[in-house]
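A short write-up of the structure that comes next.
The values are calculated or read from the model by the stated rules, or taken from the named source; none is laboratory data. Computed from a prediction, not measured in an experiment: that's the story for all the values here. When we count neighbours, we look across all protein chains shown, and the Cβ atoms used for this are built from the backbone with ideal geometry, even at glycine. All accessible areas refer to the heavy atoms of the entire protein, side chains included, with ligands and DNA or RNA removed. Shrake-Rupley method; radii C 1.70, N 1.55, O 1.52, S 1.80 Å.
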Amino acid sequence: MYAIRQHEFGPPETLRYEQVRDPAPAEGQVRIAVEASGVHLIDTAIRRGQSWGFPLPALPMVPGREVAGTVDEVGAGVDDDWLGRRVVAHLGLASGGYAERSVAAAEAVHEIPTGLAPDAAVAAIGTGRTAVAILDIAAVRAGEVVLVTGAAGGLGTLFVQAARAAGATVVGVAGGHRKAARLRALGATVVADNHDPGWAGGVQEALGDRAPTLVLDGVGGALGREALALLGAGGRIVLFGGASGEPTQLTTADLAGRGLTATWALGQRPSPERLRELERRALEAFASGRFVPLTHGFPLADAAAAHAAVEARATIGKTVLVP
């Protein structure tokens, strides 16, 4: 089979398309003929050799932690009924997803709901489960004004949809006219291009006498600070990352002056039972149409180009590799 292998940490070019031996499922595992592999921002950090709270993997390695496809072989102790089923799995720290075939623990596998495409299933199993967890914390209410940074990304596009469905006014912040157009199509009430230095003033003008009551921020840096400044008195900010290179920096003085609250949404890793529940709920939301994933596909052989595009913020929605 063909897979992407990484022999050293570094730039996207370290991702090499190579022919390797097919993996064999061990006891308790299934092998999946992969139809879609998810690409995550964390994958790019690992590729560069940057720690993200877990030990870096030994090299050489096959990156990728999200796969969807069809079970074509099972290991000892796994029911043969899994053979031929369309499944999706999050591989966790094991990686191995950027490949034509991948192995996963049978207990980590979900059957893909009828009618859900493999790329959508991949978007649900990792990004979708994270979105569901963050939305549980954010508790969006009807009538709110919700500002989403990085609104054209895999998480951001889901937040825009969820906030609109909850009856909120949505302010989507993203970089570039192409992304702004997609956010309008998703139903964002106000769209701001953060490449424009005056974007925050434009948001204030569009909202009139209203102000954001909730900020969902996974970008951080200077953009996160500008979003925080727009937050109205008594509002709350939910932080879940720092795609800019660092999370939004704030102090108790930032919060006390306007009675704000701040929550870091990605704290202690949930239990396996909680993760599986989040995955199930995400798959149900995608299958029912409550979430409509936007995906940006690349051929498996072009994984380096996919990583470069993610790092340049040139993609919309969830980035997916297709063998």
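Put the Cα centre of the range 26-70 next to the Cα centre of the range 202-246 and the gap is 32 Å. In a shell of Cβ-Cβ distance under 13 Å around A282, excluding A282 itself, what net charge do Lys and Arg (+1) and Asp and Glu (-1) give? Neighbourhood net charge equals +2. Once the Cα-Cα distance is subtracted from the 0.36 nm per residue extended length, the A305 to S51 segment shows a gain of 89.2 nm. Each of G172, G198, T157 was scored by the projection of its Cα onto the charge dipole of the range 155-214, and the greatest displacement toward the positive side belongs to T157; charges sit on the C-beta of Lys, Arg, Asp and Glu. Treating each Cα of the range 101-204 as an identical point scatterer and ignoring solvent, apply the Debye formula and state log10 I(q)/I(0) at q = 0.10, 0.24 Å⁻¹. Here the Debye-derived log intensity ratios amount to -0.35, -1.26. For the chain, what does the alpha-carbon gyration tensor say about shape, rounded, prolate or oblate, given a ≥ b ≥ c as the root eigenvalues, a/c under 1.5 as rounded, and a/b over b/c as prolate? Prolate shape, in that a/c is at least 1.5 and a/b is the bigger ratio. Normalised by the number of residues in the chain, the mean separation of alpha-carbon contacts (under 8 Å, six or more apart) gives a relative contact order of 19 percent. The charge dipole of the chain, taken about the Cα centre with unit charges on the Cβ atoms of Lys, Arg (+1) and Asp, Glu (-1), comes to about 700 debye, rounded to the nearest 20. Given axes a ≥ b ≥ c from the Cα gyration tensor, I'd like to know whether the range 70-111 is rounded (a/c under 1.5), prolate (a/b larger than b/c) or oblate. Cα axes put the range 70-111 in the prolate bin. The residues of the chain expose on average 43 square angstrom of accessible surface per residue, using a 1.4 Å probe on protein heavy atoms.
Only Cα pairs under 8 Å and 6+ residues apart enter the sum, and on that basis the relative contact order of the range 172-290 stands at 17 percent.
Accessible area per residue (1.4 Å probe, heavy atoms of protein chains only) ranks T114, T248 as T114, T248, with the largest value leading. Considering helices alone, the calculated mean residue ellipticity of the chain at 222 nm is -8500 deg cm²/dmol, with DSSP H runs of length four and up weighted by -39500 (n - 2.57) and normalised per residue. The orientation-averaged projected area of the convex hull spanned by the Cα atoms of the range 1-155 comes to 11.0 nm².
The alpha carbon gyration tensor of the range 239-323 gives principal lengths a ≥ b ≥ c with a/c of 1.5 or higher and a/b no greater than b/c, which makes the shape oblate. Normalised by the number of residues in the range 77-166, the mean separation of alpha-carbon contacts (under 8 Å, six or more apart) gives a relative contact order of 23 percent.
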